[in-house]
Amino acid sequence: MINPLTAQIDAALEHLSRVDPIMAGAIALVGPCLLEPNPDVFEALVDAIISQQISVKAADAIMARLRAATPGGLITPGALIQLDHDALRAAGLSTPKARYVSDLTGRVASGQLPLSHLPELDDEAIIEQLTAVKGIGRWTAEMILIFALGRLDVLPVDDLGFAEGVREAYALEARPTRKELLARGETWRPYRTIATWYMWRMRRLSMSSERPRTRIVSL
């Protein structure tokens, strides 16, 4: 499958490398941008809710059990609306997350949240609609903009991994504040998503090169 963002990513890399020497170095170190959005917005939202505050491995296991509990193994509004609270809990969702998924499913199934119309809206309008759903905050909505809708100019300033990536890449003594991240992001417009992706990768590279830890750190 051809990544529909390929041409835009190429333009983004050229722009970011030209306007920011540090970002140019990060791009050279990390290599090609592998961001490839998943167009299934509903499944991405369910996955985002489930993934909150737990490891990737645990979230994947719950998604697999949830898929196994639905007709045909599908994560769709029509499939999930058939699962009651107890069935969602049996798949591994916490009580709050079961409520959140039920709220999302009900809103989409009833047409109150028409996901097919989201691509027609600007980023802030999408965030406003998604954050009306229980359990979905601005950060989760921004992840949907990036990983499901392929929006290129998202700057998730509340994301810890992004902030730590900036600290690492720019050799800062302390983690940058939201205000500092917003200011730095102005240089990266209109490709702040791609810059964010590289800062995430810089954080991962930093963590993989560190000495073994005495405790587990969740990315």
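The values are calculated or read from the model by the stated rules, or taken from the named source; none is laboratory data. Bear in mind the structure is a predicted one, so any value in this text is a computation, not a measurement. FYI the Cβ positions are ideal-geometry reconstructions off the backbone, even for glycines, and counts take in every protein chain you see.
Structural remarks
Residue-by-condition table, conditions (1) within 28 Å of LEU152 (Cβ to Cβ); (2) among the charged types (D, E, K, R):
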| position | (1), (2) |
| --- | --- |
| PHE42 | yes, no |
| ALA61 | no, no |
| PRO77 | yes, no |
| ASP84 | no, yes |
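- Within region 4-19, being of a type in the set (Gly, Ala, Ser) and either more than 17 Å from MET199 (Cα to Cα) or not in a helix (DSSP H, G or I) (or both) holds for ALA7, ALA11.
- One residue alone among LEU104, LEU130, LEU93, LEU113 is within 28 Å of VAL154 (Cβ to Cβ) and touching a Pro at 6+ places or on another chain (Cβ under 9 Å), and that residue is LEU104.
- Checking each residue in region 120-158 for being under 15 Å from VAL41 (Cβ atoms) and of a type in the set (Asp, Glu) picks out GLU120, ASP123, GLU142.
- For region 28-57, residues that are in a helix (DSSP H, G or I) and free of Cβ contacts under 8 Å to residues at least 12 places away in the same chain total 3.
- Inside region 23-53, residues that are exposed (fewer than 12 other Cβ atoms within 10 Å of the Cβ) and either modelled with pLDDT of 95 or more or within 27 Å of TYR170 (Cα to Cα) (or both) make up a count of 4.
- LEU88 in a loop (DSSP other than H, G, I, E, B) and over 21 Å from the mean Cα position of the chain (by Cα): no
- Residue list for region 91-106, restricted to those being assigned to a helix (DSSP H, G or I) and surrounded by 13 or more Cβ atoms within 10 Å (Cβ to Cβ): LYS97, ALA98, ARG99, TYR100, VAL101, SER102, ASP103, LEU104, THR105, GLY106
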